[in-house]
Each structure stands twice: as structure tokens, then as C-alpha cells.
Amino acid sequence: METITNAHLFGIFLTVGCFYLISLVRRKSGFNWLNPLLLSTVIIICILVLGEIPYEHYMKGGGVIHALLGPVTVVLALPLYRHRRLLVEHKYSIIGGIVSGVVSAIVSVIVLSRLLGMNEFLERSLIGHSVTTPIGIGLSDMLQANEGITIISIMITGLLGASIAPFMLKLLRVTHPVAKGLSIGTSSHALGTTKAIEMGETEGAMSGLAIGVAALTTVLIVILLQFMGWY
Amino acid sequence: MKVFKQLFIILGINLAGDLLSRYLHLPIPGSITGMILLLVLLLTGVLKEKHIRETADFMIQNMGFFFIPATVGVLVSYHALDGYYFQTALVVVLSTVIVLSVTALSTQLLINLKEKWKR
């Protein structure tokens, strides 16, 4: 067994297999609420735990797929380019919306953490929960926080954002595709963007735009906070 | 051939972004620098949409797949939260709901204000 699991092929096969089979079930059954990413994650974790397969074995192949997150982020420029007119038309609304979202992210983490009596170390680890993983890790380092906690918080945020966004936006009566996309990208980065892309091309493009702008804004605000001696 | 050409361009831009971020000491990761770089290349017409279209669309439409190993990584890092599971989950969930609502409502408000202004 060890010879099979401790090879690049194992992680790649397991990931491709799970994602394909769940997507297939989703298409055939019409259950659009099935989230292939969330379900694949749960199934792979179960297989690793029940099969007593070390995480390092899975990540031999998993790391290959993980490395492709770089190019996947790069090509998010394409939907932006396709919607460049919309971008210019709504530039002030876009900047205003993203900046208010980023400020609310940082303020809400600080206020909630203090209300719940969490230590400052945890609070610092959660500051970047809404930004894209690579920047979140960078922020965590800047704040001398725990990278692992930051990654978990980013994953929970992304999965949550992707699942509640359609419902929340309906509840708040937000109908403009620009507002929908921006709010998803600002709150739940690239993971939420997978849902925004399903909602429509404009939503997807705006969500993709928000990932980059929100992440940059968060970094700038944290630098400012550090400069002011807050952290 | 086409897929290789497109991959070559996309990976090249990612690599260029990594180099720029590292050597200019930018506070943003190379993939984001690469995204900005690709946008600039498309806007200036140096690259055409057809140079990356099929590969880029495949990656965007199946983005969830590329996140699976990162989310499986929770399996090894959850211990750091010992004793604070409930509080952490509560902060993250509430904060996400707040950010989503604030961004959506403020953007919609600004767009509506602008459209009223125009009339």
C-alpha cells in the first residue's frame, strides 16, 4: 500500500477522481448546491484518515496541483479585460465598495476577537481571513501570527462565502451584478469567486477583480496599522 | 500545440510576476503581480485574448479543483486552534457575513447614487 500512496500519482489521481466523480453526480442529478471543492476535500480527508495515509504522501501529488494556483490566479486578468468598460464606468463605486468591505473585515475581526476574549496572537492570525491565500500567508508573517490558523480561517471564509453568498445577496436585495461580484470577491477571495463565476460572467469578473484589490488594500491598511504602532 | 503555446505564455507571465515581486520587494505575491502584468499586456494589445483563451477559460471554469490540496491542508494545521475552536469559527463566520453585506450594500448604494446623479 505504502508504495502506491507514497508516489506523485496517488495524490493527483485521488484529487482528479474525486473532483470528476462529484462534478458528474452534480450534473446528472441536477443538485446544483453540491460543492465539488468542499465534498472532494471532505472525501479526501476521510480517505487519508481512515486509510491511515500520511498527509505528506497525499501532498506529493497534491503539491503539483497546488503549484498551479499561481497560473490560475494570473488568468483571472482575462475576465477583467473582457469587462474593462464596466470597470471604467463604475470605478468609484468599485473602489468605494471594496475599501468599505476591507475596513469592515479588519474592524470586525478586532472587535469580535476582543469581545470573545481571544488572545492577540489569534486575533492577528485572523486579520487576513478574507484575502487570497498567498497574501493571507504574507500578512500572517508580517504580523508574526500563526500561518496554519490563517490558512484555516481563509478556507472557512471561502467555503462559507461560496455557500451563503446567493442566499445573503437575495436577503439583502442586492441585484446589481457588479455589487454581487465585488462583495463575493472581497469577502471570500478566489474560493468565493468560483461561485460568482457560476452566477454570471460579470459577477465572476468583478469577484476576480475584488480578490486583487481587496488583498492590496488589506496589506496597505495593515502596514498603516503597524506604522501607527497598533500591532 | 495551441494548449502548449497558451500554457507557455501563462506560466511565463506567472514567472515574470514572481521575479518582479521578489526583486522589487513588493508586498504582494507573484501571482497577483502576474495578474496585473497580464491585464496590462492585454490592455496594451501586446497579447491578444486568443493567445490564452482556451487554457485560461478552462482554469477559470474549474478553479475549485486547484484549491483541493490547500483545503485538505486543514488536516494538519487545525491543532493550532486547540481550545479556541468555537471562538475562532464564530469570529470568522460573523466577520465574513459582515464583509459580504457591507461590500454588497455599499457598492449597490454607490451605483444607485451615481445613476440618480446622471438623470
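The values are calculated or read from the model by the stated rules, or taken from the named source; none is laboratory data. These numbers were taken from a predicted model, which means no experiment stands behind them. Glycine also receives a Cβ, built like all others from the backbone with ideal geometry; neighbour counts cover every protein chain displayed. These accessible areas exclude ligands, DNA and RNA; they are computed on the full protein's heavy atoms, side chains included. Shrake-Rupley method; radii C 1.70, N 1.55, O 1.52, S 1.80 Å.
Screening A:A215 on (1) open to solvent by 10 Å² or more (accessible area, probe 1.4 Å); (2) touching a helix residue (DSSP H, G or I) at 6+ places or on another chain (Cβ under 9 Å); (3) not acidic (D, E) shows it passes everything except condition (1).
Here are some residues: B:E49, B:E115, B:E54. Which one is touching a Phe, Trp or Tyr at 6+ places or on another chain (Cβ under 8 Å), acidic (D, E) and on the phi < 0 side of the Ramachandran plot? Let's see the steps before the verdict.
Details: B:E115 fails: touching a Phe, Trp or Tyr at 6+ places or on another chain (Cβ under 8 Å); B:E54 fails: touching a Phe, Trp or Tyr at 6+ places or on another chain (Cβ under 8 Å).
Exactly one residue qualifies, and that residue is B:E49.
Selection of segment A:134-163 for residues being buried (at least 20 other Cβ atoms within 10 Å of the Cβ) and more than 7 Å from every other protein chain (Cβ to nearest Cβ) yields A:G136, A:L139, A:S140, A:L143, A:A145, A:T150, A:I154, A:G158, A:L159, A:A162.
Is it true that some residue in segment A:39-54 is of a type in the set (D, E, K, R), in the same structural domain as A:V178 (by TED's automatic domain parsing), open to solvent by 40 Å² or more (accessible area, probe 1.4 Å) and more than 30 Å from B:L7 (Cβ to Cβ)? No, the conditions are met nowhere in segment A:39-54. A:G96 fulfils the conditions (1) at the interface with chain B (Cβ under 7 Å from one of its Cβ atoms); (2) within 19 Å of the chain's Cα centre (by Cα) except for a single criterion, (2). All of B:I28, B:I60 fail the test of being assigned by TED's automatic domain parsing to the domain that holds B:L7, closer than 13 Å to A:L76 by Cβ, out of contact with any Phe, Trp or Tyr (no Cβ under 9 Å at 6 or more places or on another chain) and of a type in the set (V, I, T), apart from B:I60.
Tell me which residues, restricted to segment A:88-123, are polar (S, T, N, Q) and either over 12 Å from B:V92 (Cα atoms) or open to solvent by 70 Å² or more (accessible area, probe 1.4 Å) (or both).
Quick first cut of segment A:88-123, residues polar (S, T, N, Q) only: A:93, A:100, A:104, A:108, A:113, A:119.
Once the filter is applied, which keeps residues that are polar (S, T, N, Q) and either over 12 Å from B:V92 (Cα atoms) or open to solvent by 70 Å² or more (accessible area, probe 1.4 Å) (or both), segment A:88-123 yields A:S93, A:S100, A:S104, A:N119.
Residues being within 15 Å of the chain's Cα centre (by Cα) and part of a helix (DSSP H, G or I): count how many of those fall in segment A:118-137.
Within segment A:118-137, the first condition is being within 15 Å of the chain's Cα centre (by Cα), and the residues that meet it are A:126-137.
Subset that is part of a helix (DSSP H, G or I): A:126, A:133-137.
Qualifying residue count for the region: 6.
If you check A:I184, A:I221, which single one turns out to be more than 9 Å from every other protein chain (Cβ to nearest Cβ) and within 24 Å of A:V111 (Cβ to Cβ)?
Working: A:I184 fails: more than 9 Å from every other protein chain (Cβ to nearest Cβ).
None of the others qualify; the one that does is A:I221.
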